[in-house]
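A short write-up of the structure that comes next.
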């Protein structure tokens with residue numbers, strides 16, 4: 001297949017690029033900065049023009065892994081978050097409709113569209129109640145994909161990714177924990193690391209290689225009729241459990257405490273119903289322990305040597 005990955009230098013995009021290249025597919029890239037490599041487009045993040053991409057090449061699959069993926073940023077700069085997560089998606093759809101209408105489009109949405117669900121596990125039919133501009137913007141991008149399928153016949157699918165992690169991720173929980181280990185907090189808990197929440201909050205963690213396998217299965221088996229699909233492990237895990245694992249692997253001498261403070265936009269409990277992706281043949285292969293072991297190894301062998 002000829003696959004375009006928009007945002008191929010980012011966390012998810014780079015892993016998708018490596019995986020599909022290893023599988024023998026023809027990979028093209030679209031990013032915001034120039035790179036000296038073949039099959040490469042440069043697209044401005046805020047003045048994007050995807051017509052220049054799709055008018056010159058025909059693709060069988062387009063994976064949009066670009067945009068902002070940070071709840072806090074969406075509160076600080078909601079206008080830019082909207083541009084990155086909604087307007088750019090519309091521009092992709094417009095260009096596809098005009099130049100490459102047979103291409104399958106996968107857009108990465110987020111479990112943030114669910115907010116705080118009333119019950120677990122969360123199915124794709126669960127009511128959406130975003131708690132942040134980021135969540136609202138991801139939901140709007142889903143509506144756009146559904147709109148362009150319904151009215152223009154484009155082949156579109158949105159993936160609601162839960163708590164993805166792995167090598168090359170430089171944001172969110174585990175990266176924050178790593179950064180805090182380098183800058184210990186002071187005050188009443190001198191030399192102890194302060195962590196938001198109580199530790200009893202839960203998330204559904206999916207390791208990056210499992211996530212990419214989900215993408216592969218979606219390309220092969222999804223209907224591409226504007227649908228949304230949960231991408232997760234299907235297991236509810238407490239934050240205090242993964243923090244303990246992470247710091248034990250990183251440095252067992254580290255001390256930390258949960259402050260009880262709630263971070264704006266954070267839900268309390270998440271666990272996904274992954275029946276849809278399981279019906280495609282997905283079965284999670286990487287446990288949290290194995291995934292965090294890989295991530296900490298990357299931190300120690302790559303980040304700490306930079």
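Every number here is computed from the coordinates shown, using simple stated rules; none is lab data. Source: prediction; values computed, not measured. Glycine gets a Cβ as well: all are built from the backbone with ideal geometry, and neighbour counts include every protein chain shown.
Observations, loosely collected:
- The listed residues are 292, 211, and the only one of them that is within 20 Å of residue 13 (Cβ to Cβ) and either assigned to a loop (DSSP other than H, G, I, E, B) or touching a helix residue (DSSP H, G or I) at 6+ places or on another chain (Cβ under 9 Å) (or both) turns out to be 211.
- Criterion: closer than 22 Å to residue 73 by Cβ, in contact (Cβ under 8 Å) with a residue 40 or more places away in the chain and either touching a strand residue (DSSP E or B) at 6+ places or on another chain (Cβ under 9 Å) or crowded, with 18+ Cβ neighbours inside 10 Å (or both) - qualifying residue of 148, 134: 134
- Given (1) in a loop (DSSP other than H, G, I, E, B); (2) touching a helix residue (DSSP H, G or I) at 6+ places or on another chain (Cβ under 8 Å); (3) in contact (Cβ under 8 Å) with a residue 24 or more places away in the chain, number of the condition residue 128 does not satisfy: (3)
- Of the residues making up segment 268-289, those that are in contact with a strand residue (DSSP E or B) (Cβ under 9 Å, 6 or more places away or on another chain) and part of a loop (DSSP other than H, G, I, E, B) are 268, 269, 270, 271, 273, 274, 280, 282, 284, 285, 286, 287.
- For residue 244, the criteria (1) in contact (Cβ under 8 Å) with a residue 40 or more places away in the chain; (2) part of a helix (DSSP H, G or I) hold in every case but one, which is (1).
- Test: residue 169 is in contact with a helix residue (DSSP H, G or I) (Cβ under 8 Å, 6 or more places away or on another chain), part of a helix (DSSP H, G or I) and either at positive phi or buried (at least 16 other Cβ atoms within 10 Å of the Cβ) (or both): no
- Matching option when the condition is in a helix (DSSP H, G or I), closer than 25 Å to residue 109 by Cα and in contact with a helix residue (DSSP H, G or I) (Cβ under 7 Å, 6 or more places away or on another chain), among 217, 299: 217
- Unique match (being in contact with a helix residue (DSSP H, G or I) (Cβ under 7 Å, 6 or more places away or on another chain), more than 21 Å from residue 210 (Cβ to Cβ) and surrounded by fewer than 18 Cβ atoms within 10 Å (Cβ to Cβ)) among 51, 60, 76: 51
- Going through (1) closer than 24 Å to residue 291 by Cβ; (2) free of Cβ contacts under 8 Å to residues at least 60 places away in the same chain; (3) in a helix (DSSP H, G or I) one by one, residue 178 falls short only on (2).
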